[in-house]
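The values are calculated or read from the model by the stated rules, or taken from the named source; none is laboratory data. Worth saying up front: this structure is predicted, and the values here are computed from it rather than measured. Positions of Cβ are generated from backbone atoms using ideal geometry, with glycine treated the same way; all protein chains shown enter the neighbour counts.
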Amino acid sequence: MFNDFYLNNSLIKKYNHYNWKKYKATINFKQKILIIKEINKNILTLKLYNIYRAIILEIKKLHVIVYINNNKYENSICIKEFKNTTIKKGDIIIVLVIQVDSNKGCILSYKEALRFITWKKILQIYKRNKTIKGYIYKKILKGYIIKIKKYLIGYLPNTQIDKKYKKIIKYNGLIKVKIININYIKRNIIVSNKEYYKYKKFKNNIKKLKYKINSIIKGKVKKINKNIGIKVILKNKLKAILLTKDISWTKSINYKKFKLNKNYKFKILNINSKNKIIKLGYKQKQYFSWKQYINKKFKIGDIVYCKVKKIQNCGIIVELLKYNIKGIVILSEMNWVTQSHIPKDFVTQNQKIKCLIIDINYSDKKLFLSIKRLLKNPWINIHNNYIINRPYEGIIQGFSKTGNINLSIDNKLEGIINNNNIFWKNNKNIIINPEYYFFIKQKIYFILLRIDNTSKRLYCSYKYLKNNIYVNYKIIFKINSIHFMNIIYEDNICFYLFLMPFKKIKIILLKNKINTILKMNDFILIKIIKTNFKKDKIYVKYLNKNNIKYKPFYEKLLFI
């Protein structure tokens, strides 16, 4: 009871700021606790680091009482946070939730909410490459501290101040700057006054000269670089660049056309105000129809020479020699055998290859090519070349997850050996792991079972090269059948017999039921009593030599 009283009393102390006078009737100690518990339920609806709108209920000396209408929650904020702002009863303000705890209560902040909003605005300004205003607050080593929108601070280095503006710098004076860099973790902002004037000059020059995208202008060639392109200088010393891909529509580029310090006409493709560079185009001046150009040069079924530019998992990207045109070769069109293969198995980087045009895509400006269609099609007259139920040789290319073996036959055809056709099995539900018995790029013999023209695969078998042991069990080892066998091993309980070619079968002869003495490697006559094909075990009975019935069997054995 004492502990409950102590806890409840401490709860009420936390809520001393709460306006208890609004309840007309006098409130007991227990009733106060019930009200506090209802307040704590509303705390849980507030989310951490979220901004809410709140109404000011009352202003006191140390704190301001605030009410969040949507969540029906009342709390106080320290009055120091409202130093430079004028507030009244009934004003709506923004509040940030710093801490949420049902026992300790919820902590709200007005200053942090304003900081959070200004930080969001500055990030948008930085992304859009816009300028901002700030106040010079303090001088430090190698620079100045600037206040940005009252609640954030930025750093202005001495190297980033314009020469004209250095003499005019005053404290609490306005300065226009541009954000260079932002450290998101430490929340540091680095600004520049020099970049602002450069940006302003660049914008003014473009307005004066009336430069727009797709407008044709004159420029002087300053430098020619065959790998990158051509550097150009425009009026008012504006920098521009002409990339190699924008010089001509075809791959063959004549740099002899362009001479240093001479004027040429160009087309504006892009104006980058952030880097202060204008991107130009030379080939865009002339009208070029990709469809008409391709129809003149190529047709479906033409043979072209290409160079491998990029190798991917799904295929390769190719560039036609003497032309600036891209082509695609899908993995299935690279070879007749593509199962368990990747494009690197067929081609290498920068290799020159011969291809056949299959399709032309005018919208994406791409050619679809094929390598395998230039090779001989092995599926023509396949039934004459490969006959069912005959043995052939193949190379293992890989193993599937289901336990199948993937083969390549004569480097032209795909073959599959299913898990059930690898070895003879007593139980069909057992899955054999072929990786224990075979390895990749191993040559093996198989028997052809079926030719599938739709999937273009040959279904093969490895187990049909050998006799089925499990079928011969039931035919040969019948109950009451008589056989000659050899003793190969013995222990205290029984003899173990052996008969070719059944090496895996255990033929057991118990010593308790034998009157004569037997030795290792003796040939004896036995009779089958019991069979257990699941465990590969057969129990037998010894037939004595002295018995008149079995003497002729032993005489045949001696003759052999």
What is the residue count in region 214-231 for residues that are in a loop (DSSP other than H, G, I, E, B) and either in contact with a Phe, Trp or Tyr (Cβ under 6 Å, 6 or more places away or on another chain) or outside the structural domain of LYS279 (by TED's automatic domain parsing) (or both)? 0
Can you pull out the residues in region 247-283 that are free of Cβ contacts under 8 Å to residues at least 40 places away in the same chain and touching a Phe, Trp or Tyr at 6+ places or on another chain (Cβ under 6 Å)? ILE247, LYS283
Counted residues in region 313-332 being surrounded by 13 or more Cβ atoms within 10 Å (Cβ to Cβ) and either modelled with pLDDT of 90 or more or touching a strand residue (DSSP E or B) at 6+ places or on another chain (Cβ under 8 Å) (or both) come to 13
Verdict on LYS265 being assigned to a loop (DSSP other than H, G, I, E, B), of a type in the set (Lys, Arg) and more than 30 Å from GLU195 (Cβ to Cβ): no
Options LYS279, LYS310; residue that is in a strand (DSSP E or B), within 30 Å of PHE202 (Cβ to Cβ) and under 36 Å from the mean Cα position of the chain (by Cα): LYS279
When restricted to LYS201, LYS208, the only residue within 22 Å of LYS274 (Cβ to Cβ), surrounded by 12 or more Cβ atoms within 10 Å (Cβ to Cβ) and of a type outside the set (Val, Ile, Thr) is LYS201
When only residues in region 259-276 that are at pLDDT 85 or above and under 38 Å from the mean Cα position of the chain (by Cα) count, which is surrounded by the fewest Cβ atoms within 10 Å (Cβ to Cβ)? ASN270
If we scan region 191-208, do we find a residue that is under 25 Å from GLU112 (Cα atoms) and in contact with a strand residue (DSSP E or B) (Cβ under 9 Å, 6 or more places away or on another chain)? yes
Restrict the check to region 391-399 and report whether at least one residue is in a loop (DSSP other than H, G, I, E, B) and either surrounded by 14 or more Cβ atoms within 10 Å (Cβ to Cβ) or within 29 Å of the chain's Cα centre (by Cα) (or both). no
Here the residues within region 293-307 that are part of a helix (DSSP H, G or I) and in contact (Cβ under 8 Å) with a residue 12 or more places away in the chain are TYR293, ILE294, LYS297
Residue in region 338-367 that is modelled with the lowest pLDDT, counting only those that are touching a helix residue (DSSP H, G or I) at 6+ places or on another chain (Cβ under 9 Å) and among the β-branched types (Val, Ile, Thr): THR338
Within region 378-390, considering residues that are surrounded by 12 or more Cβ atoms within 10 Å (Cβ to Cβ) and free of Cβ contacts under 8 Å to residues at least 60 places away in the same chain, the one farthest from the chain's Cα centre (by Cα): ASN385
Some residue of region 329-345 being more than 36 Å from the chain's Cα centre (by Cα), free of Cβ contacts under 8 Å to residues at least 60 places away in the same chain and either part of a helix (DSSP H, G or I) or in the same structural domain as ALA240 (by TED's automatic domain parsing) (or both): no
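Residues are listed down the side, and each one gets a yes or a no for (1) β-branched (Val, Ile, Thr); (2) in contact with a Gly (Cβ under 8 Å, 6 or more places away or on another chain); (3) on the phi > 0 side of the Ramachandran plot; (4) at pLDDT 85 or above:
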site	(1), (2), (3), (4)
LYS239	no, no, no, yes
ILE247	yes, yes, no, no
LYS257	no, no, no, no
ILE278	yes, no, no, yes
Against the definition (under 30 Å from TYR445 (Cβ atoms), at pLDDT below 80 and assigned to a strand (DSSP E or B)), how does ILE488 come out, yes or no? no
